[in-house]
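Visitor: Handing you this structure, nothing more for now.
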Amino acid sequence: MFSRRIASKAVLFITIVCSVLSVEGKTRTTRHPFGKMLDGTSVEMYTLDGHNIEVKIITYGGSIVSLRTPDRNGTADDIVLGFDSLDGYVAKSTFFGALVGRYANRIAKGHFTLDGTSYTLPINDGHNTLHGGKGFDKVVWQAKPVENGVELKHVSQDGDQGFPGNLTVTVRYTLVKHDLVIDYEATTDRDTVVNLTNHSYFNLAGHGNGDILKHVVQINAANYTPADATLIPTGEIVPVEGTPFDFRTSHVIGERINQDNEQLRMAKGYDQNWVLNNKDGKLGEAAKVYEPTTGRTLEVLTTEPGLQFYTGNHMEGTITGKQGRLYGFRSAFCLETEHFPDSPNHSNFPSTELKVGQRYHSVTIFKFGIQ
């Protein structure tokens, strides 16, 4: 009896010690309900908390709904746009914080050819398909906690939005020290195309705290892909040198955004694809952003070849977000790490084909800091 008590106490002691060790130096992950869909499907929210950074992710759309980081004075604020409740995400097609796919960005006229077969997709952006039609931002992902974060999984059925193949997608969000790591994997049972990204809208001064024109940006790219009036790439890859798209050295966003430039006029600001310098598929630097009033910094690393830098040009102050704040013109920016827009229709662009037996794998890291 005595020995069993000693053993029991020893087990309890070890359990407590292990519990403490699992918290120290690691991210605490908790789960809470976030509402229900009309069909009764439950949506959950996972909170990742560690190292003075808190990230909240919901299973609807795999969306980052909140991301709190400290400023240079230690005051935390939420630096991503979003809604207070599930209703906002379901009702609006804003892509706030969402995982987008099967194909992030645009495909011209909703059409591509693969292995000699023509595929037609839904048109939802002028004459084009944007972010996969009714895509991954509008589904409830299956989720489970993992070390330092949460793992999301979704199976997109063969023919979903016109794309071939049963596509199994797994995305892991982990918070490691001051880094939010997004790890994407996908496999298919038929040859297909895939291009995944996260569509968070950032304002490092805090969501709803004015425009982002004073943010300072650097992009590790010597070239970009100009587009036509519908934001479909022309197929050219041209140097950024001598253009308002040259962010190889740091520039304030508002410095050149209103220049008399055809690309800027058509997009109403920055909404172009930069060809990143890291061409070997290894993790490399994509961009850096600095907000001078708070001192917050954001550094983006990725294995992807492209970066879509978007400055909220189509936001008009008609969207009421979290805490009743209105999101106005250019009140946030996006840094979408991805393959190039309309790649299936441009043989000179990096391929987005995923064949049977292959594994799609992509990593993006958002590093948060203070300057």
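The values are calculated or read from the model by the stated rules, or taken from the named source; none is laboratory data. None of the values given here were measured: they were computed from a predicted structure. Heads up, the Cβs are rebuilt from the backbone with ideal geometry, glycines too, and the neighbour counts pull from every protein chain shown. SASA here: full protein model, heavy atoms, side chains in, ligands and nucleic acids out. Shrake-Rupley method; radii C 1.70, N 1.55, O 1.52, S 1.80 Å.
Visitor: If a residue must be open to solvent by 10 Å² or more (accessible area, probe 1.4 Å) and either of a type in the set (A, V, I, L, M, F, W, C) or closer than 14 Å to Asn203 by Cβ (or both), how many such residues does segment 292-312 contain?
Guide: Counting residues in segment 292-312 that are open to solvent by 10 Å² or more (accessible area, probe 1.4 Å) and either of a type in the set (A, V, I, L, M, F, W, C) or closer than 14 Å to Asn203 by Cβ (or both) gives 6.
Visitor: Can you pull out the residues in segment 160-208 that are open to solvent by 40 Å² or more (accessible area, probe 1.4 Å) and without any contact (Cβ under 8 Å) to a residue 40 or more places away in the chain?
Guide: Residues satisfying the conditions are Asn166, Thr168, Arg172.
Visitor: Scan segment 82-111 for residues that are at pLDDT below 95 and touching a strand residue (DSSP E or B) at 6+ places or on another chain (Cβ under 8 Å) and jot them down.
Guide: Across segment 82-111, the qualifying residues are Lys92, Thr94.
Visitor: If I ask for residues that are in a strand (DSSP E or B), of a type outside the set (A, V, I, L, M, F, W, C) and either open to solvent by less than 30 Å² (accessible area, probe 1.4 Å) or on the phi > 0 side of the Ramachandran plot (or both), which ones from segment 93-118 would you list?
Guide: Correct list: Tyr103, Arg106.
Visitor: Can you report the number of residues in segment 130-146 which are surrounded by 19 or more Cβ atoms within 10 Å (Cβ to Cβ) and among the charged types (D, E, K, R)?
Guide: Final tally of qualifying residues: 1.
Visitor: Across segment 92-123, what is the total count of residues that are over 20 Å from the mean Cα position of the chain (by Cα) and not charged (D, E, K, R)?
Guide: So the answer is 14.
Visitor: Inside segment 122-193, counting only strands (runs of 3 or more DSSP E) that do not spill past its ends, which hold 1 or more residues that are over 28 Å from Arg28 (Cα atoms), modelled with pLDDT of 95 or more and among the β-branched types (Val, Ile, Thr)?
Guide: Correct list: 179-188.
Visitor: For segment 70-92, indicate whether the set of residues that are under 23 Å from Tyr360 (Cα atoms), small (Gly, Ala, Ser) and touching a residue at least 12 places away in the same chain (Cβ under 8 Å) is non-empty.
Guide: No, every residue in segment 70-92 fails to be under 23 Å from Tyr360 (Cα atoms), small (Gly, Ala, Ser) and touching a residue at least 12 places away in the same chain (Cβ under 8 Å).
Visitor: Continuing with the same structure: Picking from Asp77, Asp125, which residue would you name as being within 21 Å of Phe340 (Cβ to Cβ) and among the acidic types (Asp, Glu)?
Guide: Asp125
Visitor: Identify all residues within segment 134-183 that are hydroxyl-bearing (Ser, Thr, Tyr) and over 19 Å from Ser66 (Cβ atoms); write none if there are none.
Guide: Ser156, Thr168, Thr170
Visitor: Does at least one position in segment 52-70 carry a residue that is acidic (Asp, Glu), closer than 20 Å to Glu147 by Cα and open to solvent by 10 Å² or more (accessible area, probe 1.4 Å)?
Guide: Checked against the condition, which is being acidic (Asp, Glu), closer than 20 Å to Glu147 by Cα and open to solvent by 10 Å² or more (accessible area, probe 1.4 Å), segment 52-70 yields at least one hit.
Visitor: Here's a follow-up. Checking Thr225 against (1) touching a Ser or Thr at 6+ places or on another chain (Cβ under 7 Å); (2) modelled with pLDDT of 95 or more: exactly one of these is not met. Which one?
Guide: (1)
Visitor: Can you tell me which of (1) touching a Leu at 6+ places or on another chain (Cβ under 6 Å); (2) in a strand (DSSP E or B) is the one Val217 doesn't meet?
Guide: Result: Val217 passes all but (1).
Visitor: Next up: Let me confirm something: among Gly317, Gly321, Gly357, which residue is out of contact with any Phe, Trp or Tyr (no Cβ under 8 Å at 6 or more places or on another chain) and farther than 25 Å from Tyr224 by Cβ?
Guide: Of Gly317, Gly321, Gly357, the one residue that is out of contact with any Phe, Trp or Tyr (no Cβ under 8 Å at 6 or more places or on another chain) and farther than 25 Å from Tyr224 by Cβ is Gly357.
Visitor: Would you point out the residue of segment 258-281, among those that are farther than 19 Å from Thr230 by Cβ and surrounded by fewer than 20 Cβ atoms within 10 Å (Cβ to Cβ), that is modelled with the lowest pLDDT?
Guide: Top of the filtered list is Lys279.
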